[in-house]
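Peer 1: For reference, the structure I am asking about is given below.
The values are calculated or read from the model by the stated rules, or taken from the named source; none is laboratory data. As the structure is a prediction and not an experimental result, all values here were calculated from the model. Positions of Cβ are backbone-derived with ideal geometry, glycine not excepted, and every protein chain shown enters the neighbour counts. For the accessible areas, the whole protein counts, side chains as well, though only heavy atoms, and no ligand, DNA or RNA atoms are used. Shrake-Rupley method; radii C 1.70, N 1.55, O 1.52, S 1.80 Å.
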Amino acid sequence: MDNPMNYDDILASFPRRRLAFLPTPIVELPRLSRFLGGPRIYVKRDDQTGLAFGGNKTRKLEFLVGEALAQGCDTLITGGAAQSNHCRQTAAAASVAGLECHLALGGEAPEVPGGNLLLDGLLGATIHWGGPRRKGEDIPLIAAELRKEGKQPYIIPYGGSNPVGALGYVEAAREATAQLAALDLGPAAIVFASSSGGTHGGLEVGARLFGLGSRLVGVAIDKFGGEGPSLAERIKDIIERTWALFVDAASSPSRKGASPPQPAFEPILREEFLGGGYGVVGEAEREAIGLAARMEGLLLDPVYSGRAFAGLLLMIRSGEFKASDSVMFWHTGGSPALFPYARDLLP
Ligand SMILES: *Cc1c(COP(=O)(O)O)cnc(C)c1O
């Protein structure tokens, strides 16, 4: 390009409230690698983003809370499953930023709250139980109620997955590109759990902008059933809208360069590891969680990273990588959910 845009500057122009310890480390799993007969396995430790037990949502929340504060909002609302890592990190982000937090959770109040739910309570979030509605269906209702009370709510969608949230993973791709270059590593694939699309979409856009060459492989954790778009369609939609957000910022009158052209995206989503469905721990997840823990002292989670790591193990065992390859597992967090799943995890 004759007039290359400075993508770092464009990314830095979005409102952002720092919440995470960054960069997160990249570590190798040599014992597990040897046990499997290669490839070299690395882990990007986004379970260590630092905010209230960490996880991938903290990166998205930096940009979402940044926008909430820029808009003068005083309350965050989001929703998810009872053991939602996203809701727990949102509650913590609200505490850090001095905002109120309301959570629309699926299910009913248990007698003793455990795992993420205990943390939601400690962090001071107000919980609204939704029974079968575990994907934030009640958020608009709660927002309307809060507005009547004179509050200024900022709505964070299910999983924090909209273009603003995805900017967190555009930034993460920038971070990982620099780290991998410094380590002189070029993983054949980067494998991660994909569930509401923001992590996957942001990584795709960031990889393109910052030149991350590895194949990005999302492992689907959940199926969006019913009438709505599929996860693959949601990811494509987030990619397009995140790209558009970036292009708009790039072509603002204060910047001179040409907008980055929209490339073709072909996100890879592996949907064959869904097992018993969302949040159901099966033999594959149990084995993956056990192996990572016993061989490397690495804790995965029962719903997302355990399933995605089980997918990676299957890819390795079925010969998808050469022994001389390296692969990187992007750990997205979720460890507080280990505790309420205790019964499913040990033999
Ligand atoms: C939310 C979550 C994911 C999925 O990320 P999305 O951006 O929603 O696709 C993966 N792992 C963990 C631990 C999560 O909490």
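Peer 1: Can you pull a Stokes-Einstein diffusion coefficient for region 273-317 at 37 °C (0.692 mPa s), Rh from Kirkwood over Cα pairs, as a whole number of µm²/s?
Peer 2: Values: Rh = 10.2 Å.
Using the Kirkwood radius from Cα pairs, D works out to 323 µm²/s.
Peer 1: Measuring with a 1.4 Å probe in the full set of protein chains, what accessible area per residue, in whole Å², belongs to the chain? Walk me through the intermediate numbers first.
Peer 2: On the way: 14550 Å² over 347 residues.
Here the per-residue accessible area is 42 Å².
Peer 1: Would you mind estimating how fast region 189-347 diffuses translationally, via Stokes-Einstein at 20 °C and 1.002 mPa s with the Kirkwood radius over Cα pairs, in µm²/s? Present the calculation step by step, with values, prior to reporting the outcome.
Peer 2: Values: Rh = 17.1 Å.
Answer from the Stokes-Einstein relation: 125 µm²/s.
Peer 1: Taking the alpha-carbon set of region 55-207, what are its Rg and Dmax in Å?
Peer 2: 16.4, 56
Peer 1: Rounded to the nearest whole Å³, what is the per residue volume of the convex hull around the Cα atoms of the chain? Intermediate values should be presented prior to the final figure.
Peer 2: Working: hull volume 47.9 nm³, N = 347.
Cα-based convex hull of the chain, divided per residue, equals 138 Å³.
Peer 1: For the pair R31/L118, report the inter-label distance in nm, with labels modelled 7 Å from Cα in the Cβ direction.
Peer 2: Between R31 and L118, the simple spin-label model gives 2.7 nm.
Peer 1: Once you charge only the Cβ atoms, +1 for Lys and Arg and -1 for Asp and Glu, what is the size of the charge dipole of the chain about its Cα centre, to the nearest 20 debye? Intermediate values should be presented prior to the final figure.
Peer 2: Values: 34 positive and 38 negative charges, 84 e Å.
Here the chain has a charge dipole of around 400 debye.
Peer 1: Any chance you could count the Lys pairs in the chain whose alpha carbons are under 18 Å apart, treating pairs 8 or more apart or on different chains as valid? Intermediate values should be presented prior to the final figure.
Peer 2: On the way: K44/K57; K44/K60; K57/K135; K60/K135; K60/K236; K135/K223; K223/K236.
For the chain, the number of qualifying lysine pairs is 7.
Peer 1: Report, in deg cm²/dmol and to the nearest 500, the calculated mean residue ellipticity at 222 nm for the chain, where each DSSP H run with n ≥ 4 adds -39500 (n - 2.57) and the sum is divided by the residue count.
Peer 2: Values: 12 runs with 142 residues, N = 347.
Calculated from helices alone, the mean residue ellipticity at 222 nm is -12500 deg cm²/dmol.
Peer 1: So which GluC sites (Glu not before Pro) in region 251-347 are both in a DSSP loop and have at most 16 other Cβ atoms within 10 Å of their Cβ?
Peer 2: Working: sites: E271, E272, E283, E285, E287, E296, E320; in loops: E271, E272, E320.
The qualifying sites are E271, E272, E320.
Peer 1: Please compute the modelled spin-label separation between K223 and E266, points set 7 Å along Cα→Cβ, answer in nm with one decimal.
Peer 2: With each label point 7 Å from Cα toward Cβ, the separation is 2.5 nm.
Peer 1: Next up: Could you work out what % of the accessible surface of the chain is carbon and sulfur, using a 1.4 angstrom probe and leaving DNA, RNA and ligands out of the count?
Peer 2: On the way: 7800 of 14550 Å².
It is 54 percent, rounded to a whole number.
Peer 1: Can you tell me the length gained on complete extension of the stretch E145 to S251, counting 0.36 nm per residue apart and subtracting the Cα distance? List each step's numbers first, then the result.
Peer 2: Details: separation 106, 0.36 × 106 = 38.16 nm, distance 3.81 nm.
Stretched fully, the E145-S251 segment lengthens by 34.3 nm.
Peer 1: Oh, and also: From the P(r) of region 128-175, could you give the percentage of C-alpha pairs in the tail past 16 Å? Write down the numbers at each step before the final one.
Peer 2: Numbers: 612 of 1128 pairs.
When all Cα pairs of region 128-175 are counted, 54 percent exceed 16 Å.
Peer 1: Moving to a separate point now. From the gyration tensor of the Cα coordinates in region 265-347, what semi-axes in whole Å does the equivalent ellipsoid have, largest first, with each one equal to sqrt(5λ)? Please report the intermediate quantities before stating the final value.
Peer 2: Details: eigenvalues 95, 46, 29 Å².
Semi-axes (√(5λ), whole Å): 22, 15, 12.
Peer 1: How big is the equivalent ellipsoid of region 1-113 along its three axes, where each semi-axis is √(5λ) from the Cα gyration tensor, reported in whole Å from largest to smallest?
Peer 2: Details: eigenvalues 179, 138, 24 Å².
Taking √(5λ) for each Cα gyration eigenvalue gives 30, 26, 11 Å.
Peer 1: Taking H placed 1.01 Å from N in the peptide plane, check which residues at least 5 places from L212 or on another chain put their amide H under 5 Å from its amide H.
Peer 2: none
Peer 1: Still on this structure, please answer the following. Per the Kirkwood definition applied to all pairs of different Cα atoms, how many angstroms is the hydrodynamic radius of region 164-271?
Peer 2: Working: mean 1/r = 0.0689 Å⁻¹.
Evaluated on region 164-271, it is 14.5 Å.
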